Structure formats: structure tokens, C-alpha cells
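Here's the structure we're looking at; comments come further down.
The values are calculated or read from the model by the stated rules, or taken from the named source; none is laboratory data. Please read all numbers here as calculations on a predicted model, not as lab measurements. Positions of Cβ are backbone-derived with ideal geometry, glycine not excepted, and every protein chain shown enters the neighbour counts.
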Amino acid sequence: TLEKLPLTANGKVDNHALEAMLATDLVQHSSGQVRDLTELKLTRIWGEILGLPLLGIREDFFRLGGHSLLAVRLAWHIEQEFDVSVPLAAFYSHPTIETQAELIRSSGAIQSPTLIPLSQQVDTDPVILLPGAGGNTFYLAELAARLGARHQVWGLQALHQRDGDQKTLTSIHNIAARYLNVLDEAGVTNPCRLIGHSFGALVAFEMACQLHSKKAPVEMVGIIDNPPPIQESSTYYQNWDHADWLVHIGIRMRKIFHAEIELDADSLRAMSNDEQNQWFAKSLVATGLLPKDTSTDYLGHFVELYRSNAIAGVHYRPGRLPADVPLAIFCAEDRDAQLAGPTDTDDNAIGWSHHAERMPYVARIPGTHITMLQKPNVNALADQITRFLMKIKTHA
């Protein structure tokens, strides 16, 4: 097994030396060992990012500890090494060195998928997970892994904003309709089990309403810790500037990744929006969450997507689910003032009982809005979801 890649004097991989090593069979072909130069380079990149030596080509990036920001670093390194741009979502369908090498070798236009296979241990009873306003399913991986023993688990990434989409994808109704088209094309709609966290909870609810209006089966809707918007919430963000959004997002990233990210809105306001993005990127680099020289284009797009989704959320007015669509509410036991939304409530069902013909199932989960999705609290969340799904089947 190759333990160390040969480098040139300036620290780059010595391709000629590598090719010679391959030619002399120093790297043997076997189930988990590298077979060509592309896989060798990826092995080095993975090792640097994950801090792990001697990686097999069929090991899963996320099971080895990879997460969304490490995936950003991986994408950056791949672009630097191979001059190939890989969308973050593609890492879910290509989570191994072997499959990523295939992507790189094809070197064509790599599409960013919307429907992500989060856990495919079984091929029955699909569950669809929808993420928060950032639109990234990476942080739902722990939950997906625990649900995966009984269910095929899919995630819906943020929809790719093509030309002309900016207006049509700024309402929950239109986002839900587009997601349903994605599910229909993939053939995973019968019946639907929709579970959304934060912003994703609103989209899941609207998807269920639209499915029911078409007389399509909906087995359940799960709301993870997000109350329904009310009329008064529609003006919540109207006076926010770019600095407010960066601080808002920075707080959430700090809590998800346990990183020391400190941003001051007043200091940021002395800069242009582009300069603010650069400062934010530098903060993430300083904490090790992003590699040096990362382009701010990705970060700028992410901030705009988050802002657009959050505003769409407060303008959404949910309908009312009929009695034949089971609704479950999974609430965080602990409230974090820094994560408080525009419509927080002390109501047991956090306001959703007004939007369902029958009383929702309500479960309290240890942790906050964010830590309920992290170890060890995510075990309790997965158990409650599984219990609710089994209860539905029993009474079907």
C-alpha cells in the first residue's frame, strides 16, 4: 500500500514519480486500494482534509467524519488539483474516492442534484428530509443514518437557481411544487413521508397540502421545531441589511460546527457587501472551516439563498391538513434565544394544531433547535419519528 505520495520541491504531487510507482506495481489493485493517478491524488486530498492515513477507495466520506464545510474544502482542493468544479450535492451520490474519480475522469458538466440519497440501506418506505433555509442536507446526515435501518432516506437540496428562477423560487408554494416534480420524476412519491426541519418544515407541509389536493397519498408530515408563520411575522426581516444576515448565519454556523465565529454587525456595515462576504470568508478560514483562497462566490450565493428562503418562510400562510394526513410535531426541549424565530410560541403543538383537522402527535426532543439533530439527542429524535411511523402503519 502506498503510504506517502512523492512530492516535488515546491510541495506539488510529482506526477512522473507516481506514474513510475504505478507502473512498477507498488500500488496493487485490490478492493480498497488505488488503481490510477486520479485515485492517488484524491487519497492524498482526503487524507489532508479528514486527517486520516491509508484510505480505501470505497470508504464513505461522510461515515469517516465528513460534513458540509469539509465538503466545501474537498470541492476546492479538487478544483485546484484537477481543474474540475464539483457541486457539493454531488458528493452525496459520489461519496467515495472511486466514484469521485469517475466524476473527474468524465470531466464534463457535473450537474448539482436536487434529490440526494442520504441512506440506501433498505429499498422500502422512503422518507424525504427537507433542510433549513440554507438548503443543504449535510447536517441531516446523523438523522438519516438512524432512520436508514428501516427506511430508504432521501434529502431535498436547495433547488438550483437557473435564469428566471429568482422570482418563481421565492414562495413556499412554488418551491414545494418544484420539489414534487423532482420526486415524481424520481418515482418516490407513493406514498410520501415528508419531514422538514426549520424552513424545510414549511415546505414539507405545503408539499403535503398540494399532494392531497391532487388526491395523491401522503402517509405523514413531520415538523421539526418550526411554528407556522403568522401575519405579524411578515415584516420580521424587512429592515435587515447584509450585515444582519451574515451575523444571523454566522451564529447558526457556529452552533452547528462548534466553531469560534465572531461577527459584529456594526463593524461589518462599514464595508461594502462584497467586503463583508470576504470578511466572513476570512473568519471561516481562520477557524479552519474553509481552506485559504476560497472563492467568495459560493458564500455569496449561499447567503442570498438563505435570505430568500427565510423571507419566503415568513410570508407563507399554511392551509389546513385534512384528517386523513397524520401530522407530527417534534419540538426542541431547550430554547436558545440566539436561535429564536419570528413566531416562537409556548403552545404545546407550537401553533400547528390550528392547521390540522385532527390533533397532531407531539414529541419533545432533548436539545435546542440545532443540537436536537446532533449526537446524542438525534437518537431520541429518530426514535420518536420511527415510533410515529410504526403507529401509522398499525392503524392503517
Extreme residue, surrounded by the fewest Cβ atoms within 10 Å (Cβ to Cβ), among residues of segment 279-292 that are in a loop (DSSP other than H, G, I, E, B) and touching a residue at least 60 places away in the same chain (Cβ under 8 Å): PRO291
Exclusive hit being crowded, with 16+ Cβ neighbours inside 10 Å, without any contact (Cβ under 8 Å) to a residue 24 or more places away in the chain and either among the small types (Gly, Ala, Ser) or in the same structural domain as SER353 (by TED's automatic domain parsing) (or both), set ASN181, ASN174: ASN174
Subset of segment 188-208 (residues that are modelled with pLDDT of 95 or more and assigned to a strand (DSSP E or B)): ARG193, LEU194, ILE195, GLY196, HIS197
From the options GLN231, GLN210, residue that is in contact with a helix residue (DSSP H, G or I) (Cβ under 8 Å, 6 or more places away or on another chain), surrounded by fewer than 18 Cβ atoms within 10 Å (Cβ to Cβ), closer than 21 Å to TRP352 by Cβ and of a type in the set (S, T, N, Q): GLN210
Verdict on GLN80 being modelled with pLDDT of 65 or more and not assigned by TED's automatic domain parsing to the domain that holds ALA141: yes
Residues being within 16 Å of PHE199 (Cβ to Cβ) and under 23 Å from the mean Cα position of the chain (by Cα) - total across segment 332-355: 5
Every residue from segment 220-278 that is touching a strand residue (DSSP E or B) at 6+ places or on another chain (Cβ under 8 Å) and part of a loop (DSSP other than H, G, I, E, B): ASP225, ASN226
Answer residue from segment 330-379, given it is without any contact (Cβ under 8 Å) to a residue 12 or more places away in the chain and touching a strand residue (DSSP E or B) at 6+ places or on another chain (Cβ under 9 Å) and is surrounded by the most Cβ atoms within 10 Å (Cβ to Cβ) among those: SER353
Residue in segment 79-109 that is surrounded by the most Cβ atoms within 10 Å (Cβ to Cβ), counting only those that are more than 20 Å from ARG35 (Cβ to Cβ) and among the charged types (D, E, K, R): GLU79
Residue identified as at pLDDT 95 or above and outside any loop (DSSP other than H, G, I, E, B) among GLN384, GLN338: GLN384
Selection status of ALA75, outside any strand (DSSP E or B), crowded, with 21+ Cβ neighbours inside 10 Å and outside the structural domain of LEU143 (by TED's automatic domain parsing): no
